[in-house]
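First up is the structure itself, then whatever we jot down about it.
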Amino acid sequence: GTVVVWFNVDERGEVRQVRIKHGSGVAELDAAALEVARVMRFSPGMYLDEPVPVWIQIPIVFRAVTGS
């Protein structure tokens with residue numbers, strides 16, 4: 001399943017807020033996507049050579065893993 005998450009990234013590249021834009025339809029996957037989103041780190045957004053807070057969206061994709 002895929003969960004599209006909105007991130008608010010501050011001037012240091014740290015995630016301050018997360019929101020689900022489009023859920024997967026599976027509550028457990030949506031919750032896992034939010035957990036992952038909260039620990040991600042980014043380069044800050046830049047405007048006129050100054051770091052600025054920004055909102056971005058990223059799809060988080062979950063795939064089943066089969067054993068061999």
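The values are calculated or read from the model by the stated rules, or taken from the named source; none is laboratory data. Nothing here was measured: the structure is a model prediction, and the numbers come from that model. Heads up, the Cβs are rebuilt from the backbone with ideal geometry, glycines too, and the neighbour counts pull from every protein chain shown. Side chains are part of the model used for accessible areas, which takes the heavy atoms of the whole protein and leaves out ligands, DNA and RNA. Shrake-Rupley method; radii C 1.70, N 1.55, O 1.52, S 1.80 Å.
If I ask for residues that are of a type outside the set (A, V, I, L, M) and either within 18 Å of Ile20 (Cα to Cα) or at pLDDT below 95 (or both), which ones from the stretch 50-66 would you list?
Trp55, Gln57, Pro59, Phe62, Arg63, Thr66
Residue check: is Val36 open to solvent by less than 80 Å² (accessible area, probe 1.4 Å), in contact with a strand residue (DSSP E or B) (Cβ under 8 Å, 6 or more places away or on another chain) and not in a strand (DSSP E or B)?
In short, yes.
From the set of residues in the stretch 1-25 that are over 20 Å from Arg41 (Cα atoms), in contact with a strand residue (DSSP E or B) (Cβ under 9 Å, 6 or more places away or on another chain) and outside any strand (DSSP E or B), which is modelled with the lowest pLDDT?
Gly1
Quick one: Ser24 ticks every box in (1) within 26 Å of Ala64 (Cβ to Cβ); (2) of a type in the set (Ser, Thr, Tyr); (3) open to solvent by 40 Å² or more (accessible area, probe 1.4 Å) bar one, so which box is it?
(3)
Between Phe7, Phe62, which is among the aromatic types (Phe, Trp, Tyr) and either touching a Gly at 6+ places or on another chain (Cβ under 9 Å) or loosely packed, with under 15 Cβ neighbours inside 10 Å (or both)?
Being among the aromatic types (Phe, Trp, Tyr) and either touching a Gly at 6+ places or on another chain (Cβ under 9 Å) or loosely packed, with under 15 Cβ neighbours inside 10 Å (or both) holds for just one of Phe7, Phe62, which is Phe62.
If I ask for residues that are open to solvent by less than 100 Å² (accessible area, probe 1.4 Å) and free of Cβ contacts under 8 Å to residues at least 40 places away in the same chain, which ones from the stretch 44-58 would you list?
Answer for the stretch 44-58, where residues must be open to solvent by less than 100 Å² (accessible area, probe 1.4 Å) and free of Cβ contacts under 8 Å to residues at least 40 places away in the same chain: Pro44, Gly45.
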